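Read through the structure below, which is laid out as C-alpha cells, and then see the notes.
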Ligand SMILES: *Cc1c(COP(=O)(O)O)cnc(C)c1O
C-alpha cells in the first residue's frame, strides 16, 4: 500500500472510527481473544523501519479494533466503564493535534481547563473559586491530590510543616472510611505515609452507608488515645452498590470536630443531576474536597478525573514550589497547574470534557443520567419479580447488585454459582456483568451508564444470567 498524505489518512481514520462506533451495538459485547491474535499483539517485534500511515490504519482495523473491552456496547454493565461520548472522541484527535502541555501559560488549553473545572463544579453543585481544582488522570490521582491537602492542613494546625518535615514528630493522623469505600482512598493514605492502619473502617448501615453514630464514637476513641483524627472519606456512589453516604450529618460532625470531609464521587456524583435522586446528595456541597470522574458517567473518553477543593489556597500550599512572593506575577494570579497537583507536563484533557458537556448541554446530560437511574430501578424490579434472583441492595443510583438464587442450593453452592456467573455471562457475548462480594455473599453487579441502553437490554441481561446459571448447574429449569 502506498503512503497516503496525512489528510487522506485522517479522512480514512474518521471513516474507520465512524464505522466502528456504528458496528459496536450490533456485535457481541465482548469475546475472548483468539490466541493467535493475542500473540500477534503481545509478541509484536520492534519495527526497524517505518511503515506508511495507510498500513498502520489497516493494522489498527484488523488487529486492534476487533478486540474491544466491550464498554461501548449498550449491554455492557461491567465495573464503572462507560461508552465514549462521540463529541469527546472527535475532540481527542484535535487535542492531540495541538498537543500542548496544559501546565501553564497563555494558550487555549490552560484557560479551557479552568472553565471546564468550573463547569464540572457547577454541574454537581459544588462551590468553586478560580484555582480550586484541576483535571487528573482519574479519581485515584484526584484522591491523592485531595488527601495531600487534607494532610497538610491537619499538620499545619498543630504547627507542623509536613512538606519539610514529613510525618515524623506528628501524632498519628487518623482517617475514617466505610467498608464500602473505594480502595483508592487506602492507596492514597498509604502513598502519603499515613499508613492504612490509621484508616478506621467504620460500620456501614443496612443500606451500605457510613454509620454516623459509629463514626462519632470512633473519633472520640481516637482522640482519647492521643491520636489526631483529621479526615472522613465519604462516598457519593459506592462502586459495589451505588450507595450514597448521608453527607449532612457527616458534614456536621466534621465541622464540629475540625475534620476534613472528602467525598469520593468518582462514579456517582453526577447522579445529582437527576431530580429523582438528587436529594440523596444533600450536603455534598459542604465537603472540603470532592473527587469525581468525567470519564465515567459523563462518558468523556478515558482518561479524565477531577479534583475539586473548597479552598484553592489549600491546594496551592500543598503542591507549589513557587515562592509566594513570586506567585501573583503569573497570568491571572493563579499560576501553573503544577502548583496544584503532582504533574508537570499535563495532557490536554479539557477539550474532550468541553466537547462532551457542550454537545449535550446540562439538560442533555441530566436526561441521560436520569435515564440510567430509571433503568437501574427497573432492573431492580425485574430482579425482585423473579424468585430465582435476589436483589442484594437497594438501588440508590444506577448500580444494581443481585445474585442468582435457584431453589435447593446451599449457601456455599450459591456462592460458587454466583462467583462463576460473571465470566459465564461474559463469554456468551450477549451481555457483560461483573461480580463482587457483599456481606460475604458472591454477587453480580450491573452498572448502568449508557443512555442508549433500553429496557429490552435489561431483559436480555437477565435472560443471559438465567441461561448461564442453567449452563453452570446443568439445570434446565433455571432458563
Ligand atoms: C472508579 C472509581 C474510583 C477510582 O477512580 P479511577 O478514575 O479509576 O482512578 C474511585 N472510587 C469510585 C467510587 C470509583 O467508581
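Where a number appears in this text, it was derived from the coordinates with a stated rule and is not lab data. Treat the numbers as computed from the prediction; the structure is a model and nothing was measured. Ideal geometry is used to build each Cβ from the backbone, glycine not excepted, and the neighbour counts take in all protein chains shown.
Ranked by the mean number of other Cβ atoms within 10 Å of their residues, highest first, the peptides 102-110, 163-171, 138-146, 459-467 fall in the order 138-146, 459-467, 102-110, 163-171. Counting 0.36 nm for each residue step from residue 58 to residue 410 and taking away their Cα separation leaves a gain of 121.5 nm. Taking 7 Å steps out from each Cα toward its Cβ at residue 248 and residue 191 produces label points 3.5 nm apart.
When a/c is below 1.5 the answer is rounded, else prolate if a/b is larger than b/c, else oblate, so apply that to the range 100-347 with a ≥ b ≥ c taken from the square roots of the Cα gyration tensor eigenvalues. Oblate, because a/c is 1.5 or more while a/b does not exceed b/c.
In the chain, what percentage of the DSSP-assigned beta bridges are antiparallel, given to the nearest 5? The partial results should precede the final answer.
Details: 22 of 40 bridges.
Of all bridge pairs located within the chain, approximately 55 percent are antiparallel.
Residue exposure proxy: 352, 187, 26, 296, ordered by other Cβ atoms within 10 angstrom of their Cβ from fewest to most, comes out as 26, 187, 296, 352. Answer rounded, prolate or oblate for the chain, using the Cα gyration tensor with square roots of eigenvalues a ≥ b ≥ c: rounded when a/c is under 1.5, else prolate when a/b is larger than b/c, else oblate. Oblate is the answer for the chain, as a/c is 1.5 or above yet b/c matches or exceeds a/b. Neighbour counting of Cβ atoms within 10 Å sorts the residues 158, 117, 232, 433, fewest neighbours leading, into 158, 117, 433, 232.
Treat the count of other C-beta atoms within 10 Å as a stand-in for reagent exposure and order 477, 293, 222, 386 from fewest to most.
Working: 477 9, 293 28, 222 20, 386 16.
Taking fewest neighbouring Cβ atoms as first place, the list is 477, 386, 222, 293.
The mean sequence separation of alpha-carbon pairs under 8 Å and at least six residues apart, normalised by the residue count of the range 1-67, gives a relative contact order of 67 percent.
Let me know the shape class of the range 146-275, please: from the alpha-carbon gyration tensor, a ≥ b ≥ c as square roots of the eigenvalues, rounded when a/c is under 1.5, otherwise prolate if a/b is greater than b/c, or oblate. Write out the running numbers ahead of the final one.
Working: a/c = 1.94, a/b = 1.59, b/c = 1.22.
Prolate, because a/c is 1.5 or more and a/b exceeds b/c.
Computed from label points 7 Å out along Cα-Cβ, the spacing between residue 10 and residue 322 is 3.3 nm.
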